[in-house]
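Working notes, beginning with the structure itself.
Only the coordinates and a few stated rules stand behind these numbers; no lab work does. Bear in mind the structure is a predicted one, so any value in this text is a computation, not a measurement. In this analysis, Cβ positions are derived from the backbone assuming ideal geometry, glycine residues included, and neighbour counts consider all displayed protein chains.
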Amino acid sequence: MTSAKVTSIWRYPVKSMMGEELNACTITEKGLLGDRAYGVIDNETGKLANAKNPHKWPNMFQYRAAFIDPPQENAAVPPVRITFPNGSSIISTDEEKDKLLSSSFNRTVHLSTPSSRDVQFEGYIPEEIEELDNKGSIFTRTSPKGTFYDIDIVHIITTSTINYLRKLAPESRIEARRFRPNIVIEVPDKEDFVENDWIGKTLTFGNVQLKISQETKRCVMTTLAQGDLPKDPNILRSIVRNNAGSFGVYASVVKAGRVSIGDRFEIN
């Protein structure tokens, strides 16, 4: 797989908001530097605002987040600029930020960074996807300790899987950003759910090593409108029908370092 390489890198400074596409990024033991560095907490429940529950948080993907300055290792997380759906923006150091966020979300919330305490988030299982269990129900999960992640630290998808899903669902717009990956890898000459075979293996990019822990079970987030991408339940329906709901993989960090677009990788 010597011709396989990194084609894009993404981080999301605020949990469940639109993020930043990067040319390169440091990967620490807690994932891409600056990824999910902030989260919006519901004061009533103490849970993370999360696009997985669009009934409570219907507009998460209309908010954008970008760092004022690049995050640095072994330094305090820099301020982040949050742009609201109406085009106005705040900076995380603004005294009025929580008041303005609460007004925008129509719920009392505050902006937070991860702590040592467990934090939970909710998800909604869409009613219109017949193949799913517990349709129309809400579930609760706990983020890995000290993070605002869903399950594991780094989320990876491949162009092979994207292209394969495009063939399975030709009427849908299948683009990497819909799946909110951290790293997109080009695997040439393959069109399949290739990541299924990576569970338990190690990906090496230069001096970075990532251990693939599990498949990424997709949720309602993949069906939601993002920017110019329309709402499309058929995307999740196609993934459930053709790959038991999995698309991409999660990984933990074995060896930290820096990853750049164009980096080639090995898997073993």
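Numbers for the structure displayed
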{"read-out": "FRET efficiency, Q120 to N234 (Cβ-Cβ, R0 30 Å, nearest 0.05)", "value": "0.50"}
{"read-out": "Computed [θ] at 222 nm, helices only, for the chain once each DSSP H run of length n ≥ 4 contributes -39500 (n - 2.57)", "value": "-3500 deg cm²/dmol"}
{"read-out": "Where labels lie 7 Å past Cα in the beta-carbon direction, separation of K145 and N242 in nm", "value": "4.0"}
{"read-out": "Among the listed pairs K201/K255; K135/K231; K52/K201; K5/K190; K15/K201, those beyond 24 Å (Cα-Cα)", "value": "K52/K201; K15/K201"}
{"read-out": "Cα-based Kirkwood hydrodynamic radius, the chain, one decimal, Å", "value": "19.0"}
{"read-out": "Estimated FRET transfer efficiency when R0 is 41 angstrom, pair H110-D189 (beta carbons, to 0.05)", "value": "0.25"}
{"read-out": "Inter-centroid distance (Cα atoms) of segment 178-232 relative to segment 40-119, Å", "value": "25"}
{"read-out": "Contour minus Cα-Cα distance for S88 and L100 (0.36 nm per residue)", "value": "3.3 nm"}
{"read-out": "Sorted peptide list for 176-184, 198-206, criterion being average Cβ within 10 angstrom, highest first", "value": "176-184, 198-206"}
{"read-out": "Fluctuation leader among N163, N74, N234 - the chain, Gaussian network, Cα springs under 10 angstrom", "value": "N74"}
{"read-out": "Simple Cβ-charge dipole of the chain, Lys/Arg +1 and Asp/Glu -1, about Cα centre, in debye nearest 20", "value": "140"}
